[in-house]
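One structure is given here, and the rest of the page talks about it.
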Amino acid sequence: MQLSRMKKYLMRVLIGSSGVNLSAPGEPTGPTWTSDGPCQDGPVHVLILGAGFAGLELASRLSESESGEFQVTLIDRNDTFTFGFSKLDVMFGRRGADEVRLPYSEISKPGVEFRQETVTAIDPEQRRVETDGGSYEADILVVAMGADYDVDATPGFAEHGSEYYSVAGADRMREVVKGFDSGRIVISILRRPFKCPPAPFEAALLLHDHFTERGIRDRVEIETMGPMKAPVPITKSVSGEFLKALGERDIPYGAEQVVTEVGDGSAALDDGGTIEYDLFIGIPVHRVPEVVEASGLTEDGWVPIDPANLRTRFERVYALGDVAATPNPKAGAFAESAARVVAEDIIARRTGGELEHPNQGEGHCFLEFGGGRAGRVEVNFFGGPKPEASLVAPTIEQAAYKEDWAAARRERWFG
Ligand SMILES: Cc1cc2nc3c(=O)[nH]c(=O)nc-3n(C[C@H](O)[C@H](O)[C@H](O)COP(=O)(O)OP(=O)(O)OC[C@H]3O[C@@H](n4cnc5c(N)ncnc54)[C@H](O)[C@@H]3O)c2cc1C
């Protein structure tokens, strides 16, 4: 940290909150932003709701910013963060659920305070937030609360199906997969949008490996299905690569096949048909957290934003990551690149400048192919005349790159 910044930070710690709401929750103080222009002297209070990919990256960037005038409060209902792809580690028993949870208590960033609280109300007009721990007012409010799973949206899914999209679900699934020794497994995407478009196919490829290693692959049928025409609809070539990898392992993809109800051993399809199964793995319907919906921020289920800078229609309120209505996939790498844009926009507003690098909707999703190899699908949504995607071929080196990528984020967000 630069010496001048360090001094300012120490002064702030010594003399108190300087007008931002670092006081005990329940005693909100007034925001320091006095107009739509740059803030007057004094730190800008940025309140970030949700400490996932988007929230952690944004908090880190604001903490490291040269202007150094941000006091960040980062709120999450959980006490730990988990990478999405770690859920596959848990499902296949490579790591325990406790090993993949990264405690927020380790966050140590100048100017960033983490609070484990549940957000219970958001007033985007006033940039006022209620939690189970108190009330906050913010100069800048950032909604980064991700997507929740609406398991009850699919009748019978909770009783008869399994999922690995949550850590708890992946933990339960480990025993289910271990105990499964013959029959048909159906992996069904229940609605779009869903997190990490390759993840359902990744699970299918890894299940193939798992049963092959156990010497019982010929006794297990694996099928995938979903509402999309092709596994990765924005590009024919990447979809083709996916279909090839699935085909080589005898795993069909049922295009535009949507399960509407899960019964005991069979599931109903929206075309009136049914499919028999022995193990039903669903990618649950996704939705914004209820408190976000109740806040009036959403339209058609997600939070509309200006795709260039992630601003909502409310003054000095941003939404980014899975909660936002963006055409790019719901994935951590996209949430992270959006956080870079939001950080730059906030800093530009603080200093009276302009956002120089608007959002390109760029990112990637890793895809484990089995045999210790990983590839990744690289996407850029707004950078060119049309969205582009390509597949970085699966190799052992790419699998190592994925580990390094996660380690770098752990270091940057928590170190
Ligand atoms: C199996 C699987 C594999 C994946 N693989 C990849 C991959 O390879 N690459 C990739 O980029 N992405 C991957 N993802 C997707 C990635 O995990 C998500 O897209 C990413 O986490 C989204 O970031 P976010 O910050 O928007 O939301 P999240 O990371 O979900 O964070 C939102 C936070 O808000 C908090 N929150 C919600 N409601 C409240 C409330 N009321 N009060 C307080 N806090 C609240 C939540 O606790 C959560 O911590 C994968 C996901 C899954 C499930």
Taking alpha-carbon centroids only, segment 63-131 lies from segment 369-398 a number of Å equal to 27 Å
The chain, Gaussian network, Cα under 10 Å: of 109, 244, 195, the residue fluctuating most is 244
Taking 45, 286 and counting other beta carbon atoms within 10 angstrom, the fewest-first order is 286, 45
Flagged as over-length at 23 Å C-alpha distance, from 87/244; 330/402; 87/330, the pairs are 87/244
For the chain (alpha-carbon point model, no solvent) the Debye-based log₁₀ I(q)/I(0) at q = 0.13 Å⁻¹ works out to -1.11
Exposure proxy check on 113, 362, 290: fewest-to-most Cβ neighbours within 10 Å is 290, 113, 362
Expected sort for 53, 414 with the fewest Cβ neighbours (10 Å cutoff) up front is 414, 53
Only helices counted: for the chain, with every DSSP H run of 4 or more residues adding -39500 (n - 2.57) and the sum spread over all residues, [θ] at 222 nm is -9000 deg cm²/dmol
Per principal axis, largest first, the Cα atoms of segment 151-285 extend in Å by 37, 34, 29
Shape descriptors of segment 242-305 over alpha-carbon atoms, Rg and Dmax in angstrom, are 16.9, 48
Note on the chain: contact order normalised by length, alpha-carbon pairs under 8 Å, 6 or more apart, percent, works out to 17 percent
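Values in this text are rule-based calculations from the coordinates and carry no lab data. Everything quoted here is computed from the prediction, not taken from an experiment. Quick reminder, even Gly has a Cβ in these numbers, built from the backbone with ideal geometry, and neighbours come from all protein chains shown.
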